[in-house]
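Structure record follows, encoded as structure tokens.
The values are calculated or read from the model by the stated rules, or taken from the named source; none is laboratory data. Because the structure is predicted, anything quoted here is derived from the model rather than measured. Every residue, glycine as well, gets a Cβ built from its backbone with ideal geometry; the counts of neighbours run over all protein chains shown. Accessible surface areas use protein heavy atoms only, side chains included; no ligands, DNA or RNA. Shrake-Rupley method; radii C 1.70, N 1.55, O 1.52, S 1.80 Å.
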Amino acid sequence: MAGLHTAWRASTHSAVTVLTKRSLFDSATAYAQGGIAAALGAGDSPELHRRDTLAAGAALCDAEAVQVLVEEGPARVRELQTAGAEFDLAASGAFKLGKEAAHSRHRIVHAHGDQTGAEVARTLIGRVSESPGITVIETTRVLDLIVEGDECVGVRASVAGRAVEIIADVTVLATGGCGQVYRYTTNPQVATGDGYAVAHRAGVRLADMEFVQFHPTALDTPENPLALISEAVRGEGAILLNADGERFMPPRHRLAELAPRDVVAREIFRERQRTGAVYLDARGLGAAFTERFPGIFALCRGRGIDPRTDLIPVTPAAHYMMGGVVVDLVGRSSMPRLYACGEVSRTGVHGANRLASNSLLEGLVFAERVARDVASAPGLSAVPPVGDWRVPPLADRGAAQVAADSVRSLMWESAGIARTAKGLRHCLTQLDSIKARLTEGATEETNMVQTARLIAEAALMRKESRGGHYRADFPKAKRKWQHRHIEW
């Protein structure tokens, strides 16, 4: 979404080329059910939204970035509505606003009940497709940045296996997250951490890679990715039960099922280990479930579950990366001419724990800022010569798949929801072993290993628990780690 929004807005003053790994629709945005958080309702304000965001971020948010997010967010949502997004509205024409965990007000904008991300993607894809100044190249994998001196001047990419260099006055990374480095994830299969690895290899500054957010309630099925059961279902009154039929959240946190995501995810993880399974009980919603959550209802019914009468089996799953490429308030990275926005970036608005439904908002707000800033970027003084290189063919697809599966299992067991020094050291050793066995052409698997290593290294270094990062051997937050970031 962030890349689409940047392309659309930047195309009013620049020629834009969009490279996408599969199709324009293949992104985490299309999977987002919950909505967009913004202070649009009566009794709400940017100040209240700011407080909630800072509280969730566990003393690691950038206060200035959060202020930008909450102040500019409402206008970005209204602009998206004007662009054609069909949000759910009351009879008065006002937004129907939901409430999610750790929000003090109803401020979640939805579309078609639980299809917000798909509606946002549809709207922005339409705008991009209609813009004559945008060239879209699908089925393309970016392999590396092209760096001349200390500047990024474009990318090397594989277009259907053909080596291509794209030279540009500015390059914007909007490559999404890295959920696919974990066994259980809600992220699409394209989310293999490519942007983090590409930036890291070029020496671009990254931070906060230990802070992976695990969504508490993905549908527990043998699929990849797992279907998401939105937090909004719990917001409407659904409760969590263990395999013994016991409700376990009220004794664990004063907000019970609506506690911050990291708390709920950890408790579900523990109950699954203790009793064997955890279920979401939405039977109390009755027939209203189908109206409020038509997409989730269809997902469940397609897997033989009727939420009106059946318990829904759930598991935590890797969902969102709070860290990434460090950027300033207009999306500039540490490398001149290189920007980043969306999940691959680290704006500082999420801190150690993203507040629910702030991700789509962040994408809109900072993509707009990137698009405005690139308008004043100076052109390249000279076009660099084309490099002599080739796209290495994948020598052994089966071995590459085994490597990817090994990374995913290893990260889930050793660098997932509950971490220890012993487990993280084992993880790093095994990642090095996997990397040594990668065959030529396993570029995506190489990115997975490098991104996984960034996560595990940072998790080993941060000897405390904070937000999405939980160390079982250091279960408490430590004052000396407040406002401290692990960077590369």
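Of all residues in the stretch 1-38, how many are crowded, with 21+ Cβ neighbours inside 10 Å and either free of Cβ contacts under 8 Å to residues at least 60 places away in the same chain or of a type in the set (Gly, Ala, Ser) (or both)?
Number satisfying all stated conditions: 11.
Going by the conditions given, is Ser23 more than 21 Å from the chain's Cα centre (by Cα), hydroxyl-bearing (Ser, Thr, Tyr) and not in a helix (DSSP H, G or I)?
no
Can you spot a residue in the stretch 59-67 that is open to solvent by less than 40 Å² (accessible area, probe 1.4 Å), closer than 30 Å to Gly237 by Cβ, out of contact with any Ser or Thr (no Cβ under 8 Å at 6 or more places or on another chain) and β-branched (Val, Ile, Thr)?
no
Condition check ((1) part of a helix (DSSP H, G or I); (2) of a type in the set (Ser, Thr, Tyr); (3) modelled with pLDDT under 95) across all residues:
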site: Gln33; (1), (2), (3): no, no, yes
site: Ala55; (1), (2), (3): yes, no, yes
site: Val70; (1), (2), (3): yes, no, no
site: Leu80; (1), (2), (3): yes, no, no
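Suppose we filter Ala218, Ala191 for residues that are at pLDDT 95 or above, farther than 25 Å from Val326 by Cα and crowded, with 22+ Cβ neighbours inside 10 Å; which single one remains? So that I can check it myself, show each step before the final result.
Working: Ala191 fails: farther than 25 Å from Val326 by Cα.
Matching residue, one of Ala218, Ala191: Ala218.
Of everything in the stretch 227-239, what is in a loop (DSSP other than H, G, I, E, B) and either among the small types (Gly, Ala, Ser) or buried (at least 23 other Cβ atoms within 10 Å of the Cβ) (or both)? Give them in sequence order. Outline the logic, then answer.
Filtering the stretch 227-239 down to residues in a loop (DSSP other than H, G, I, E, B) leaves 227, 229-230, 236-238.
Selection gives Ala227, Ile229, Ser230, Gly237, Ala238.
Can you tell me which residue is farthest from Cys178 (Cα to Cα) among those in the stretch 405-433 that are open to solvent by 10 Å² or more (accessible area, probe 1.4 Å), hydrophobic (A, V, I, L, M, F, W, C) and part of a helix (DSSP H, G or I)?
Across the stretch 405-433, the extreme among qualifying residues is Ala421.
Looking at the stretch 240-260, which of the residues that are open to solvent by less than 20 Å² (accessible area, probe 1.4 Å) and assigned to a helix (DSSP H, G or I) is nearest to Ile229 (Cα to Cα)?
My answer is Glu257.
Please verify whether Pro336 is within 30 Å of Val204 (Cα to Cα), at pLDDT 95 or above and surrounded by fewer than 23 Cβ atoms within 10 Å (Cβ to Cβ), treating the condition exactly as stated.
Answer is yes for this residue.
Would you pick out the residues in the stretch 104-151 that are of a type in the set (Gly, Ala, Ser) and over 25 Å from Ser381 (Cβ atoms)?
Ser104, Ala111, Gly113, Gly117, Ala118, Ala121, Gly126, Ser129, Ser131
Hey, could you check the stretch 271-322 for residues that are under 30 Å from Arg346 (Cβ atoms) and in contact with a Leu (Cβ under 6 Å, 6 or more places away or on another chain) and say which is surrounded by the most Cβ atoms within 10 Å (Cβ to Cβ)?
My answer is Ala317.
Of the residues that make up the stretch 166-185, is at least one surrounded by 17 or more Cβ atoms within 10 Å (Cβ to Cβ), on the phi > 0 side of the Ramachandran plot and within 17 Å of the chain's Cα centre (by Cα)?
Looking for residues that are surrounded by 17 or more Cβ atoms within 10 Å (Cβ to Cβ), on the phi > 0 side of the Ramachandran plot and within 17 Å of the chain's Cα centre (by Cα), one finds at least one in the stretch 166-185, hence yes.
Starting from the stretch 298-317, keep only residues that are within 16 Å of Ser230 (Cβ to Cβ) and among the hydroxyl-bearing types (Ser, Thr, Tyr), then list their pairs with residues that are at pLDDT 95 or above and assigned to a helix (DSSP H, G or I) whose Cβ atoms are within a distance under 7 Å, requiring at least 6 positions of separation or different chains.
Thr315/Arg272
Name the residue that is most open to solvent (accessible area, probe 1.4 Å), counting only residues in the stretch 70-127 that are free of Cβ contacts under 8 Å to residues at least 24 places away in the same chain and small (Gly, Ala, Ser).
Of everything passing the filter in the stretch 70-127, Ala91 is most open to solvent (accessible area, probe 1.4 Å).
Kindly indicate which of Ala65, Ala7, Ala85 is over 21 Å from Met321 (Cα atoms) and outside any loop (DSSP other than H, G, I, E, B).
Ala7
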